[in-house]
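Derivation of every value follows stated rules applied to the coordinates shown; laboratory data play no part. All of these numbers come straight from a predicted model, not from anything done at the bench. All Cβ positions, glycine included, derive from the backbone under ideal geometry; neighbour counts span all protein chains shown.
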Amino acid sequence: MSRPITWLVGALWLLAAPAFAQSAYFFPQGGEFDPSIPTPQQFLGYEIGSRYTRHDQLVAYFNELAKHSDKIKVEQIGSSYEGRPLVIATVTSAQNQQQLEMLRRQHVTLADPAQPLSAAGNSPVVVWLGYSVHGNETSSGEAALLTAYYLVASRSADTAQWLQQAVVLFDPAQNPDGRDRAASWHNAYASSPASADPADKEHVEPFPQGRTNHYFTDLNRDWLALTQQDTRPKIAYFHRWYPNVQIDFHEMGKDSTYYFEPSPASMHSPLLPASSYAFNKTLAKYHAQALDALGSLYYTGENFDNFSPVYGSTYPDFHGAVGVTVEQASSRGRVQESVNGPLTFPFTIRNQVATGLGTIRGAVTERDGLLKLQKDFFQSALKQAGQQPVKAFVFGDAHDPGLTAKLLDLLLQHQITVEALSTAVTVDGQRFEPGSAYVVPTAQPQFRLVHSIFADTPPIKGDVFYGSTSYAIAPAYGVAFAGSRSRIGGGARVTAVAPAQGGVVGGQAGYAYVLDWRDYNASRALYALQARGLLTRAAFQPFTAATADGEQTFARGSVVIPVAGQPLAGAALLAAVDEAARSSGVR
C-alpha cells in the first residue's frame with residue numbers, strides 16, 4: 001500500500017509543479033517529444049490537474065494539435081443541445097492519414113460475412129477511446145488531452161509503430177454539456193490551498209450535477225435507444241469504422257481503486273460468443289502492465305455487467321469488438337481524503353492516460369487476433385440466426401405512420417437490414433399491410449442487435465441488471481410488431497426514411513376537417529392549428545362520416561376542426577389546415 005500512497009502524496013506537489021515536472025509525472029516512461037508540438041499545459045496556461053478544463057478549451061487544444069501535426073485530423077460530427085461541438089479526432093501516421101478512406105473501406109469488410117478475412121488487407125487495427133460520457137467523471141477528459149499529445153509528439157520507435165499499425169479515434173467529450181456543468185462547479189468552488197475534506201463544497205456538486213446531458217439523460221444508457229442528439233452522430237461514426245477495441249473511461253467512488261474488465265461471467269450476454277469476452281482477458285494484461293508500472297492499485301473480474309448493448313462498452317461487443325469499461329476512483333475535485341490516502345486529480349488523470357496508452361499497445365500487439373475476432377463474429381451471427389425459431393420480425397401501423405417511421409429510423413441508424421413488406425400477412429393475430437409495414441429478417445449480420453431490439457431478454461442466471469440493462473426497445477414504441485417463425489417475403493431493401501407526406505385529403509370541407517389522433521405527429525399538427533387560433537374539438541367516441549372517398553370511420557380521440565365558428569373561412573381555412581398537416585406530416 002505504501003507505494004501508491006507515495007504517488008498520491010507526490011501528486012499533491014504537482015498541483016503547483018512546472019510543465020517539465022508534469023511531463024515526467026504523466027509520462028514516467030520518459031522519451032523524446034517534438035518541441036514544435038505544444039503541450040496541453042503550454043497551450044492552456046496551467047498545469048493539467050490544477051483546474052478543470054472547459055469543453056471549448058479541450059476542443060481548441062485538439063484543433064491546435066491538428067495545426068501542428070499531420071498525424072491528427074479533427075472533425076465536428078454534430079452539436080450538443082446547448083450548441084457545443086461534438087468532435088472526433090483521428091490519430092494515425094501521416095502515411096495512413098493520406099490513404100485513410102481506402103484503409104477504412106478495407107477495414108469495414110470485417111463486418112461483411114460474405115467477404116474473406118483477407119479483404120481487410122493490411123488495414124490497421126482501430127481503437128476508439130471514449131471520454132466523459134458522464135460529464136462529472138472528469139479525469140478522462142483531461143487524460144484525452146495528454147494521450148493525444150503523447151501520440152502526436154512522441155518520437156519513440158514504439159509510438160511510430162503504433163500509429164502505423166493503428167487508427168486511434170478520440171471522442172474527447174461525449175457529454176460536453178454535462179462536462180461543462182461539472183467543470184464550472186469545481187472551478188468556481190475550488191479553494192486555495194486545495195481542501196481534501198469530503199464535506200468541502202468543491203466535492204459536493206448539487207443537482208443536476210454533470211453526470212447527465214442537457215435533458216438529464218444518462219448518455220451511457222442511450223447507445224441502443226438513440227433518444228439524444230448527443231448520441232446519434234456518434235453511432236453514425238461508429239458504423240463508419242467498426243472499431244476493434246473501444247474503451248469507455250469512467251469514474252467511481254473515491255474509496256475504490258481502479259477497475260478494468262473482464263467482468264464476471266455471470267454478467268455476460270448469452271447472445272454473444274464466448275470468444276468476445278475471452279479477449280477481454282487478453283487486453284487486460286496490457287492494462288495491468290500499464291498500472292503496474294505506476295504502482296497503482298487495481299482490480300478486475302469482480303463487478304459491473306457486460307450484458308446489454310445500451311452501454312458504450314458493450315455496444316462494441318455486439319459488433320465484434322472488445323469493449324471495455326474502465327473505472328477510476330474519483331477525486332471529485334483537486335484532492336480528497338480516501339481510505340487509500342489523499343486522492344488527487346492529477347493521480348486520477350495519470351491512471352487514465354496509462355490505460356489509454358496500454359490499450360493502444362495491446363491492440364497493436366494483438367492486431368491479427370482482433371481482426372479475426374471481428375470477422376468470425378459477423379459470420380457466426382448468421383449461423384446463430386439460423387438456429388433461432390423466429391425468422392423475421394414484421395412491424396408497422398397503418399394508423400400511425402409517424403411512429404412507424406421512428407422505429408424504422410432507429411433500425412437504419414443501427415445499420416440493420418429492413419425490407420418493405422410486399423404482401424399482406426397475419427402474424428400472431430395481427431394484420432400487416434404493404435405500404436405501412438416493414439420486414440426485418442433475422443438472418444443478417446446484425447442479428448444480435450435485431451434480437452436486442454425486438455426480442456425478450458434472453459434467459460440469464462442471477463441478477464445481472466444494473467441501470468437500464470434490459471433489451472427490447474420495440475415494445476416501448478407502441479407500434480404493432482410480431483415475430484414470425486416462417487420467412488416473410490420482403491420487397492426492396494429500405495435505406496432511408498421517406499419524408500412524411502401530409503396534407504388535406506378530399507379538398508375543401510363543407511362541414512369539418514378530421515385529424516386521426518393515433519398518429520405520432522398528431523400533437524404537432526394540433527399545436528400548429530391552435531397556434532393559428534383555430535377551434536379544435538376531440539371526439540370521445542368513434543364516429544362515421546361522409547368524405548370525398550366515401551364513408552369513413554374515425555377512432556375516438558380524433559381531432560375535429562369544424563368549418564363553422566373559425567376566424568378563417570373557405571379557401572383560407574383550407575390553406576391553414578393544409579399547412580399544419582403538411583408541416584407535421586399528417587393527413
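Each listed q (0.24 Å⁻¹) maps to a log10 I(q)/I(0) for segment 512-584, found by the Debye formula over equal Cα scatterers with no solvent: -1.20. The loop-placed chymotrypsin sites (Phe, Trp or Tyr not before Pro) in segment 481-569, going by DSSP, that have at most 13 neighbouring Cβ atoms within 10 Å of their Cβ come out as 511, 540. Take the Cβ atoms of residue 158 and residue 119, set R0 to 30 Å, and the FRET efficiency comes out at 0.55.
With both labels modelled 7 Å from their Cα along Cα-to-Cβ, the residue 568 to residue 56 distance reads 4.2 nm. Looking at the chain alone, DSSP beta bridges between its own residues are antiparallel in about 65 percent of cases.
Scan the chain and note any complete DSSP helix (H) whose C-alpha atoms cover at least 27 Å along its axis and whose Kyte-Doolittle average is -1.0 or more. The qualifying helices are 274-292, 345-365, 367-386. A DSSP coil position with no more than 16 other Cβ atoms inside 10 Å describes the following chymotrypsin sites (Phe, Trp or Tyr not before Pro) in segment 214-315: 215, 216.
Going through (1) 24.5, 84; (2) 21.8, 64; (3) 27.2, 87, the figure that equals Rg and Dmax of the Cα atoms in Å as computed for the structure here is (3).
Sites listed here are GluC sites (Glu not before Pro) in segment 32-98 whose DSSP assignment is loop and whose Cβ has at most 11 other Cβ atoms within 10 Å: 32.
When only alpha carbons are used to place a centre, segment 340-419 and segment 128-165 end up 21 Å from one another. Of all lysines in the structure, those lying under 22 Å Cα to Cα from residue 406, and not within fewer than 8 positions of it along the same chain, are 234. Each helix, a run of at least 4 DSSP H residues, gives -39500 (n - 2.57); summed and divided by the residues of the chain, these come to -11000 deg cm²/dmol at 222 nm. Ranked by how many other Cβ atoms sit within 10 Å of their own Cβ, fewest first, the residues 245, 326 fall in the order 326, 245.
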